[in-house]
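The values are calculated or read from the model by the stated rules, or taken from the named source; none is laboratory data. Model, not experiment: these values are computed from the prediction. We place every Cβ from the backbone using ideal geometry, glycine too, and count neighbours over all the protein chains shown. Surface areas here come from the heavy atoms of the whole protein model, side chains and all, with no ligands, DNA or RNA. Shrake-Rupley method; radii C 1.70, N 1.55, O 1.52, S 1.80 Å.
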Amino acid sequence: MEPPAVSQPSLIVHLLALEQQMTEERGPPQAEWVTRRLDAVLASLDVGQPGQAMGYALRALELSTELNDFALQARSHVSVALIYSDSYDLANAEHHFGLARTLALTPPDDATPPDPRVLARVIINLAHHLLHGREYLEAYQELVAEAELFASLDELALLVVYHVNLVAACVQLYQQGSGPAEQWKRQVEDSARRLAQIDQQTLTVSQRLDIFDSLAQAALLRGEGAAALKFAQQRIELARQADSPLLLGSAYRQLGQVWQARQEWPAAVAAFSEALRLYGEGQQRVPEMELREELAAAYASSGDYRTAYLVQRGSGQSGLLMEQVLRQRAQIGAALRQALESDWRASSYREASEQDFLTGIANRAHAVKILETLQQGLDRGEVKQVAVAILDIDRFKQVNDWHGHEVGDQVLTAVARYTDDEIRDQDQVSRYGGEEFLLILRETSLEEARQVCERLRLSIERLTFTEWPTLNVTASFGVSTMQPGLKVRDALRMADAQMYLSKHTGRNRVNAQASLPADSGALFPGGAAPPAGTALPGTSEAPASTPEEVRPLLTACLLCIGWTSLRHGSNLATKLPHTATIGRTPPSDPTPAPGRQPHNGHPR
């Protein structure tokens with residue numbers, strides 16, 4: 001279906017208009033204040049501003065709680081979950097999706113049933129999250145399990161996202177050869193047919209981009225290259241109106257893949273090169289690296305092997321490796337730090353943005369802020385000594401796999417609260433990322449810090465859980481000290497390396513060493529090699545046999561080659577290597593019911 005010539009304002013203009021409306025709000029909180037901020041969350045993510053998005057999401061959560069509106073609270077938790085999901089913080093994303101689902105099923109009062117649109121928005125955004133994590137079958141199952149719910153709805157935006165996500169999941173399942181291929185093809189055809197019949201004049205630019213993405217994927221699956229090319233080109237023209245390098249880069253990437261399917265290599269190279277430029281402009285590191293591989297393949301297919309080699313070498317590491325590291329180490333700390341810098345935020349928001357949602361202790365962003373202040377004190381001679389320690393719960397993935405994520409959340413909360421109770425008031429524990437915690441010990445020497453961690457290690461080992469008497473929890477520690485004239489990252493780098501050493505020497509132990517400059521290269525005591533069986537960067541051995549053992553080795557390699565910036569919060573909102581549009585909830589409507597829709601360039 002040809003898109004009507006509808007003028008669409010850029011996302012930046014749309015955000016500015018929303019900001020202006022927020023400044024004009026007066027009187028007691030109203031439901032539209034919340035929906036306005038939820039709309040701003042998704043627009044901010046579409047233009048690559050996760051910090052700004054988190055600010056809107058937290059304020060929406062605060063307002064919806066004050067209004068005691070379960071539906072708006074559910075939508076706010078979904079927004080927070082999407083921000084975490086885009087930053088590869090899967091544990092926090094799943095936690096907020098769980099809260100959102102519970103709220104969506106909660107009646108507002110005894111006489112009123114829950115609004116089905118709220119649950120629908122939770123489901124389609126959860127499907128987006130699963131697609132982002134390449135869990136295509138799980139996403140498909142979530143969607144089809146609620147097929148009757150979506151069939152009963154008459155809200156066009158919700159139905160668009162539902163079918164966009166079904167196309168994305170089934171195309172990937174078909175390409176992987178997973179399960180009944182004909183079933184995936186039939187679902188793609190059915191959803192694509194429904195999307196093609198929709199009158200797009202009432203939809204937002206992001207919703208229309210998602211439709212063109214899905215139609216192009218369906219055409220490629222049918223082997224109709226000309227139709228796929230037409231939809232991909234229409235998507236590019238529409239993406240230009242959004243004024244977002246992320247959306248336009250994604251559109252050019254799909255165009256390159258269409259040309260690639262048609263084996264027209266020069267055109268594919270040109271489209272991929274433009275997408276690469278736009279990703280670089282938007283600072284999208286993971287999709288940029290993945291796209292280099294696609295571009296290199298296009299050059300190789302055209303016979304230009306030298307250029308293919310140079311492009312591939314320029315990537316340094318594959319996008320999949322980066323994603324693996326980011327999944328386990330990434331934090332939304334960068335987003336929260338950006339939010340903290342916004343002076344106009346209410347004090348209650350600032351307090352919320354410095355706190356980890358799950359455990360209730362300080363988050364990484366707040367901890368880094370404290371460390372920077374302490375480092376300045378050390379440099380001026382006002383602070384004598386500061387120790388830092390990283391605590392990592394051993395085999396935490398097994399806790400989640402064997403007992404479930406709810407039990408895993410309780411383990412994290414128990415360890416966090418117990419550690420917080422055991423340290424001095426002047427010290428602090430914060431959630432550092434996933435199953436890791438960071439301890440800041442003021443006026444504490446290296447040996448004193450080692451003793452503190454040894455005492456904590458023994459206490460954690462003795463933790464018991466009434467409902468799970470067979471569950472045993474242990475932790476590995478890495479300890480270091482901050483030094484005048486060095487950087488905060490030097491101490492964190494050394495503590496991290498010592499924690500990995502504890503992992504590789506048996507777990508459930510403490511290792512300590514004072515920090516050294518980043519270029520010293522000495523990550524282990526005295527500059528010695530790590531224990532036997534631990535592969536170092538540049539060697540071919542990789543004795544670790546589980547994801548938990550591979551993770552520290554990968555991160556140690558990254559630390560040695562100077563990629564510590566990954567640990568300190570860069571813009572991590574990225575696009576998946578496939579071009580499937582992974583739908584998000586639609587923008588706010590006049591009623592205080594759920595969400596907002598997908599967007600195409602961001603991996604939703």
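Key figures
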| quantity | calculated |
| --- | --- |
| Area accessible to solvent at Arg509, 1.4 Å probe radius, in Å² | 90 Å² |
| Modelled label reach - Arg277, point 7 Å along Cα→Cβ, region 234-255 residues with backbone N closer than 15 Å | 240, 245-246, 248-253 |
| Distance cut-off 14 Å, percentage of C-alpha pairs in region 457-497 lying past it | 60 percent |
| Cα convex hull of region 403-476, projected area averaged across orientations, nm² | 5.1 nm² |
| For Gln30, net neighbour charge (Lys/Arg +1, Asp/Glu -1) across residues whose Cβ lies under 11 Å away | -2 |
| Neighbourhood net charge (12 Å Cβ-Cβ; Lys/Arg +1, Asp/Glu -1) for Glu94 | -4 |
| Inter-centroid distance (Cα atoms) of region 42-116 relative to region 379-419, Å | 25 Å |
| Cut-off under 5 Å, modelled amide H: who pairs with Ser515 long-range | Thr481 |
| Dimensions (Å) - region 2-94, Cα atoms, principal axes, largest first | 41, 38, 25 |
| R0 of 41 Å, Cβ-Cβ distance Ser178-Arg442: FRET efficiency to nearest 0.05 | 0.15 |
| Arg450, Arg364, Arg240, reordered so the largest accessible area comes first (probe 1.4 Å) | Arg240, Arg450, Arg364 |
| 5 angstrom amide H check on Tyr432, placed H, neighbours 5+ away | Phe437, Leu438 |
| Net length gained if the chain between Asp109 and Asp154 were fully extended (0.36 nm per residue, minus Cα distance) | 13.8 nm |
| Under 19 Å from the Cα of Lys487 - lysines, other chains or at least 8 residues apart | Lys369, Lys384 |
| Solvent-accessible surface ranking, highest first, for Glu189, Glu32 at 1.4 angstrom | Glu32, Glu189 |
| Geometric extent, Cα atoms of region 352-441 - Rg, Dmax (angstrom) | 14.5, 50 |
| Solvent exposure, largest accessible area first (probe 1.4 Å, DNA, RNA and ligands not counted), of Tyr84, Tyr418 | Tyr418, Tyr84 |
| Taking all pairs of distinct alpha-carbon atoms in region 96-250, Kirkwood radius in angstrom | 16.5 Å |
| Ile361 long-range amide H proximity, modeled H, under 5 Å | Asp356 |
| Calculated FRET efficiency for the pair Thr202/Asp425, C-beta based, R₀ 60 Å, to 0.05 | 0.55 |
| Relative contact order (%) - region 394-448, alpha-carbon pairs under 8 angstrom, separation at least six | 21 percent |
| HN-Hα J in Hz across region 120-126 - Karplus 6.51, -1.76, 1.60, θ = phi - 60°, x for Gly and Pro | 4, 5, 4, 4, 5, 6, 5 |
